[in-house]
């Protein structure tokens with residue numbers, strides 16, 4: 001006798017959809033509460049800090065993934081890896097992180113901690129060696145709040161003390177839908193459609209201690225949307241009976257940023273807004289001259305990995321993205337600063353290496369031999385330059401996946417320890433500014449769910 005399992009599949013689909021809406025609410029939490037999903041003084045420029053749609057699995061391996069093929073995890077880095085999975089299984093991955101950062105500029109220091117959802121992604125089989133994926137992840141984050149006082153004695157003598165406050169908050173998210181297929185058991189191709197959306201607020205205040213002067217408030221709120229595509233390939237070659245090599249490549253198309261930017265400026269005195277001095281105007285980003293329109297840069301990545309008998313793997317990745325034509329410097333909402341720093345867009349590139357090892361995947365006696373252990377290192381050059389100085393990031397990652405229930409299900413916990421920028425004074429022409437160093441300690445956790453959906457149980 002054969003029992004139809006369609007009702008169970010429907011229930012699981014409804015559960016998955018509900019989980020997606022819950023995660024959407026978590027993504028929106030920072031918008032509704034006013035709390036930071038990320039915090040960095042560097043996010044005052046451009047699109048803020050560029051995130052990656054990596055799962056906890058690839059994060060703990062130094063951020064690699066271009067040449068990864070693993071049927072136990074969803075690889076969001078390369079769409080060609082989507083079909084590397086069980087052809088009958090539904091897969092889901094939910095990741096989140098807590099970031100603890102110590103900031104240093106000159107002799108001053110500060111510390112912040114933030115929490116955010118890192119990704120939510122689902123994957124389904126389509127037909128034989130092809131599969132489908134849909135996910136949501138941050139693309140960039142803006143979060144900063146700082147204050148400084150005027151130190152020019154001549155200005156102070158004329159106007160009194162002046163305090164400059166700057167505040168920024170917001171995120172750009174990416175919703176992606178992808179599919180991939182494998183041919184001849186070795187060659188895989190995949191593609192993603194990516195939709196970007198979100199808001200970024202940047203506000204500045206100038207407050208005068210002399211009551212005869214009006215305080216000045218100005219800023220912008222950008223509503224951003226864009227769409228693009230990403231393509232990937234992978235090829236696997238057997239080198240020995242228990243050793244294989246995988247090479248992979250990805251390419252993300254650059255795209256113009258659409259939406260609009262609302263700007264405001266007004267003066268106030270004694271807590272009363274001077275309406276005669278109030279100004280508001282709107283820039284429609286999509287209708288700007290193409291030479292001045294802000295853009296998200298294209299990105300190319302290559303990787304190579306070596307895999308041994310489903311017990312170990314090592315991987316090396318290189319990514320490059322040219323932001324010099326992003327036009328952020330030409331648009332007020334992307335380059336607002338009150339400290340005299342000259343911001344320019346540059347070429348971003350990263351070098352990453354990672355490994356994983358499983359001592360005994362099928363060991364039934366010792367649980368920790370079934371766990372997967374990972375580690376990695378990375379070095380990244382940011383897309384922004386400050387007074388001509390490059391902003392570098394380097395770090396170390398490590399973590400492990402704990403099998404739960406079925407061996408394909410697991411909880412991944414890991415850490416990312418690194419440093420971004422340096423604490424030094426840089427000068428461009430007559431302008432000087434102190435850079436900020438960010439020493440961070442990030443804790444990430446990921447939940448990987450693997451379930452058989454498309455198999456009918458048979459009872460005799």
*Using a basic spin-label model with each label point 7 Å from the Cα along Cα→Cβ, how many nm lie between residue 239 and residue 369?*
2.7
*segment 100-217, relative contact order in percent, only Cα pairs under 8 angstrom and at least six apart counted*: 22
*Evaluate E = 1/(1 + (r/R0)^6) for residue 351 and residue 437, where r is the Cβ-Cβ distance and R0 equals 30 Å; express this FRET efficiency to the nearest 0.05.*
0.90
*asked:* Whole angstrom only: what separates the Cα centroid of segment 296-322 from the Cα centroid of segment 118-145?
replied: 18
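Laboratory data are not the source of any read-out in this text; all were calculated from the coordinates shown. None of the values given here were measured: they were computed from a predicted structure. All Cβ positions, even for glycine, are placed from backbone atoms using ideal geometry, and neighbour counts span all protein chains on display.
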